[in-house]
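Derivation of every value follows stated rules applied to the coordinates shown; laboratory data play no part. From a predicted model like this one, the values you see are computed outputs, not experimental measurements. Glycine also receives a Cβ, built like all others from the backbone with ideal geometry; neighbour counts cover every protein chain displayed.
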Amino acid sequence: MISAVAQKYNIHPQTLRLYEREGLLKPSRTEGNTRLYSEEDLEQLETILSLTRDLGVNLAGVEIILNMRRKMEQMQGEVNQFMEYVKHELARGLGDWEQRLSTALVKSSPTDLVRATPAITVEEPAKDTEPARRAKDGSST
């Protein structure tokens, strides 16, 4: 009920109606049109009150922040779903790899299949002995 929630959070019932009009809260309704606030609605209300009271954010800013949070949660869910898919595919792929190695004509471990690169040696350039020879001969250029 709106009056119980308003009293609990020390706000006017019109404030709750305003938040609902602005689309910041969406409580469910009974057949008699009484607002019913779920735990999620109350958490949302606490977030709204924290943003407005503690941080001084206006309602337009609250709407943007809540939309961004919702999008971030959605994207996090998509990333988690993708990671589960990748883990599943990797696990399946490793099993296939082991099976292919066990039935190969030439048995070898995966490390045998990696080509080792030869070490590259760098030679120092030859020292210019011309200035020393000229000094010895006494000639100049």
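Values computed for the structure shown
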| read-out | value |
| --- | --- |
| Calculated FRET efficiency for the pair residue 91/residue 22, C-beta based, R₀ 41 Å, to 0.05 | 0.30 |
| Charge context of residue 3, other residues only, Cβ under 13 angstrom, K/R +1, D/E -1 | +3 |
| Karplus 3J(HN,Hα) series, Hz, for the stretch 48-56 with 6.51 cos²θ - 1.76 cosθ + 1.60 (x for Gly, Pro) | 4, 5, 5, 5, 7, 6, 7, 10, x |
